[in-house]
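The values are calculated or read from the model by the stated rules, or taken from the named source; none is laboratory data. Because the structure is a prediction, the values reported are computed rather than measured. Ideal geometry is used to build each Cβ from the backbone, glycine not excepted, and the neighbour counts take in all protein chains shown. Accessible surface areas use protein heavy atoms only, side chains included; no ligands, DNA or RNA. Shrake-Rupley method; radii C 1.70, N 1.55, O 1.52, S 1.80 Å.
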Amino acid sequence: MYWDGGGWAWMAFMPLLWIALIALAVWAVIRLVQHPASRGEGTSRGPAPKETPEEILDRRYASGEIDTDTYTEARKQLAVYQRGPG
C-alpha cells in the first residue's frame, strides 16, 4: 500500500541540503557585510574615488610634508592651471 522505495535516500540527502542552504546564507551575509575597502579597488560597486590635486595638497600640508610657502605657491599654480591659458 505504501511506497518505501527511497526513504533512506531522502534521509541521507536532507542533511546535505540543509548544510548547503546554511553555507549559502552565511556566504551571502558575509558578501553583503564586507566593506568596499576590504574588497579592493575596481569592484562591482565601482572604483574608489580619487583625490583631487587640491585634496592631495591639503593633506600633505596638514601632515607637515610641505611648508606654508610651498603650499601657497602650489595653490596658485593649481588655480592658474585650472583656469587654463590666457
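Points to keep in mind about this one:
- Selection status of G86, at pLDDT below 90 and open to solvent by less than 60 Å² (accessible area, probe 1.4 Å): no
- Taking the conditions (1) among the β-branched types (V, I, T); (2) at pLDDT below 90; (3) exposed (fewer than 10 other Cβ atoms within 10 Å of the Cβ) in turn, I30 satisfies each one other than (2).
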